Ligand SMILES: Cc1cc2nc3c(=O)[nH]c(=O)nc-3n(C[C@H](O)[C@H](O)[C@H](O)COP(=O)(O)OP(=O)(O)OC[C@H]3O[C@@H](n4cnc5c(N)ncnc54)[C@H](O)[C@@H]3O)c2cc1C
């Protein structure tokens, strides 16, 4: 179980619903380990500021996470977390392993636009 | 300057040391701000299980960090995480910190608790293949390398112990180490040497990483002969120790040859009103308990310093009147 303060995606169906019903979505798929926790922390911090983006996590070892593990965009990824950015249900960016706040915000700004009050 | 940007104390770093300082200071009604670059909790949140924190039988580092954070906040401590410091002025009675966001904060005292991080090799291709064949965490990424041939870089306890743990997954492991002997405990060396899946390349360094979508090969340079050989591999795990996060303090306070902060028994640095605690000070043992203990001393000493400063100021005002 991921005990973060983010909203969790538990099933493939929920994943499909989330990415199709929201314009901008960031999903971090990982475990409770040293490479993943910093990314969850950054997402928790950005949730209020980036109100035009929905932030979720999903447990890497959940069999339902095949919806992320089998994406063509993650081919060659050999480090968790797999972090996926969706626009209107389509993958626009994917990263492997730990990321810094600057790396995450630069992707969010480029793919989804800066926060309105920035 | 708006008054709300002035604090009695600013703590730089929000690991166990910084959070402890926040708890003690705020509880003593010292107006305190913690500024933390990463996720609150520091290296502690990277720990799956902490079984040696007295009073708690066993706890996940993330949960312990959340409890400490909540405690600090309950006493009125302000915490900002995932920030980045642009400039820091520790001279004089009023210390000043400016963040890359443009916000500036001032304080009478500063406690420095920036901790440490894993050392990276800093060679070409390392950033490009992080997460695409290069890893710094065996428990996180080991299973991606099932039945693969990999390299472990390093010669300390972490390198040898993690190499043995990676034999659960990998078909072959080559340990690359820069010296002709290991720094690890003898039992860890023996266990690695006895494992048929583990081989060794000594007195050598990994000097470059190559691949396309993922890592395919590395250059290994023999440090005695200078000969460089291309070595095909599916993955590289790097365990070459820790470095203190004190680059931003160079030229501002006294650091030793390893970049560790030099402090006295009251955790004071050589700059008045500036204190240090935790993994980034010059010391031998780095644990949550030691960080928490030193931060307690630093907070109490800082509290005393701030009290004295205020008392002296009040005396001067009274005398002037
Ligand atoms: C994998 C692992 C397992 C461990 N297991 C245990 C264990 O079981 N028991 C135990 O007691 N100890 C354990 N430790 C050691 C323990 O985690 C550390 O000793 C402890 O976290 C040190 O605390 P600290 O507050 O000094 O530094 P850190 O925990 O490193 O925290 C420092 C904080 O400061 C921030 N920072 C750095 N630079 C800046 C800057 N310029 N501006 C603002 N903020 C900054 C960092 O982002 C970080 O959040 C383990 C460590 C690791 C890596």
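The values are calculated or read from the model by the stated rules, or taken from the named source; none is laboratory data. As the structure is a computational prediction, the values presented were derived from the model and not from experiment. Neighbour counts are summed over all protein chains in view; Cβ atoms, including those assigned to glycine, are modelled from backbone coordinates with ideal geometry.
Remark: residue B:285 matches the filter, which requires a residue to be more than 14 Å from chain A (Cβ to nearest Cβ), at pLDDT below 95 and either within 18 Å of residue B:22 (Cβ to Cβ) or within 10 Å of the ligand (Cβ to nearest atom) (or both).
Reported count of residues in region B:28-62, each being at the interface with chain A (Cβ under 8 Å from one of its Cβ atoms) and more than 10 Å from the ligand (Cβ to nearest atom), is 2.
Out of region B:106-125, which residues are under 20 Å from the mean Cα position of the chain (by Cα) and touching a residue at least 60 places away in the same chain (Cβ under 8 Å)? If the condition is that a residue be under 20 Å from the mean Cα position of the chain (by Cα) and touching a residue at least 60 places away in the same chain (Cβ under 8 Å), then B:110, B:111, B:112, B:113, B:114, B:115, B:116, B:117, B:118, B:119, B:120, B:121 are the ones that fit.
Residue check: residue A:90 meets all listed conditions (1) without any contact (Cβ under 8 Å) to a residue 24 or more places away in the chain; (2) facing chain B (nearest Cβ under 10 Å) but one, namely (2).
Of note, residue B:111 satisfies the criterion of being at pLDDT 95 or above and closer than 23 Å to residue B:266 by Cβ. Of the residues making up region A:49-75, those that are part of a loop (DSSP other than H, G, I, E, B), over 18 Å from residue A:102 (Cβ atoms) and more than 8 Å from chain B (Cβ to nearest Cβ) number 7. Please work out if residue B:221 is away from the ligand (no atom under 16 Å from the Cβ), over 21 Å from residue B:15 (Cα atoms) and in a loop (DSSP other than H, G, I, E, B). It is false that residue B:221 is away from the ligand (no atom under 16 Å from the Cβ), over 21 Å from residue B:15 (Cα atoms) and in a loop (DSSP other than H, G, I, E, B). Of the listed requirements (1) within 14 Å of chain A (Cβ to nearest Cβ); (2) surrounded by 15 or more Cβ atoms within 10 Å (Cβ to Cβ); (3) at negative phi, residue B:131 misses just one: (3).
For region B:83-98, the criterion of being within 10 Å of chain A (Cβ to nearest Cβ) and not in a strand (DSSP E or B) is met by at least one residue.
Take the conditions over 29 Å from residue B:145 (Cβ atoms) and touching a helix residue (DSSP H, G or I) at 6+ places or on another chain (Cβ under 9 Å) and apply them to residue B:71. Does it pass? Against the criterion (over 29 Å from residue B:145 (Cβ atoms) and touching a helix residue (DSSP H, G or I) at 6+ places or on another chain (Cβ under 9 Å)), residue B:71 qualifies. Selection of region B:1-27 for residues being in a loop (DSSP other than H, G, I, E, B) and away from the ligand (no atom under 14 Å from the Cβ) yields B:1, B:2. Can you tell me which residue within region B:104-127, out of those that are more than 30 Å from residue B:213 (Cα to Cα) and within 14 Å of chain A (Cβ to nearest Cβ), is farthest from the ligand (Cβ to nearest atom)? So, considering only residues that are more than 30 Å from residue B:213 (Cα to Cα) and within 14 Å of chain A (Cβ to nearest Cβ), the one farthest from the ligand (Cβ to nearest atom) is B:116.
Which of the residues belonging to region B:273-309 are without any contact (Cβ under 8 Å) to a residue 24 or more places away in the chain and closer than 15 Å to residue B:8 by Cα? Across region B:273-309, the qualifying residues are B:304, B:307, B:308. Evaluate the following for residue B:88: is it within 11 Å of the ligand (Cβ to nearest atom) and at pLDDT 95 or above? For residue B:88, the condition - within 11 Å of the ligand (Cβ to nearest atom) and at pLDDT 95 or above - is met.
Taking region B:128-177 as the region of interest, how many residues are within 22 Å of residue A:31 (Cα to Cα), within 20 Å of the chain's Cα centre (by Cα) and in a loop (DSSP other than H, G, I, E, B)? Of the residues in that region, 2 qualify. Exactly one residue out of A:68, A:107, A:84, A:98 is modelled with pLDDT under 95 and under 13 Å from the mean Cα position of the chain (by Cα), and it is A:98.
Candidates B:182, B:237: the one that is under 16 Å from residue B:121 (Cα atoms), touching a residue at least 24 places away in the same chain (Cβ under 8 Å) and surrounded by 16 or more Cβ atoms within 10 Å (Cβ to Cβ) is B:237. Just one of the numbered conditions (1) part of a loop (DSSP other than H, G, I, E, B); (2) under 28 Å from residue B:46 (Cβ atoms) is not true of residue A:114: (2).
Within region B:1-13, not a single residue is surrounded by 14 or more Cβ atoms within 10 Å (Cβ to Cβ) and within 14 Å of chain A (Cβ to nearest Cβ). Taken over region B:287-305, the residue count meeting the criterion of being over 20 Å from residue B:31 (Cα atoms) and either surrounded by fewer than 19 Cβ atoms within 10 Å (Cβ to Cβ) or over 17 Å from the mean Cα position of the chain (by Cα) (or both) is 4.
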